């Protein structure tokens, strides 16, 4: 099996999984819209929006930069510029 054929097969599998995932999401939202009251569905939509925004923010590297900032605040710098921990 050549590399091109394997690549095409993997692409097709990935595309099919994305289509199935999106279809399941649409079906779930339609089902929830039918089963929930308008107030509860609005609350669900609000929660999905908030967690979506938080998910985007979590991928921006804020956690890594905060940990570097906090580590720099907590540890004093030595004369050579490196952080050192004194007993």
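No value in this document is a laboratory result; all are computed from the given coordinates. Computed from a prediction, not measured in an experiment: that's the story for all the values here. Virtual Cβ from ideal backbone geometry, glycine too; neighbours counted across all protein chains shown.
Computed FRET efficiency, Cβ-Cβ of residue 53 and residue 2, R0 41 Å: what is it to the nearest 0.05? Each step should come with its number before you reach the end.
Working: r = 44 Å, r/R0 = 1.06.
FRET efficiency, residue 53 to residue 2: 0.40.
Assuming a ≥ b ≥ c are the square roots of the Cα gyration tensor eigenvalues, decide whether segment 1-57 counts as rounded (a/c under 1.5), prolate (otherwise, with a/b larger than b/c) or oblate.
On the way: a/c = 9.21, a/b = 2.27, b/c = 4.06.
Oblate, since a/c reaches 1.5 and b/c is not below a/b.
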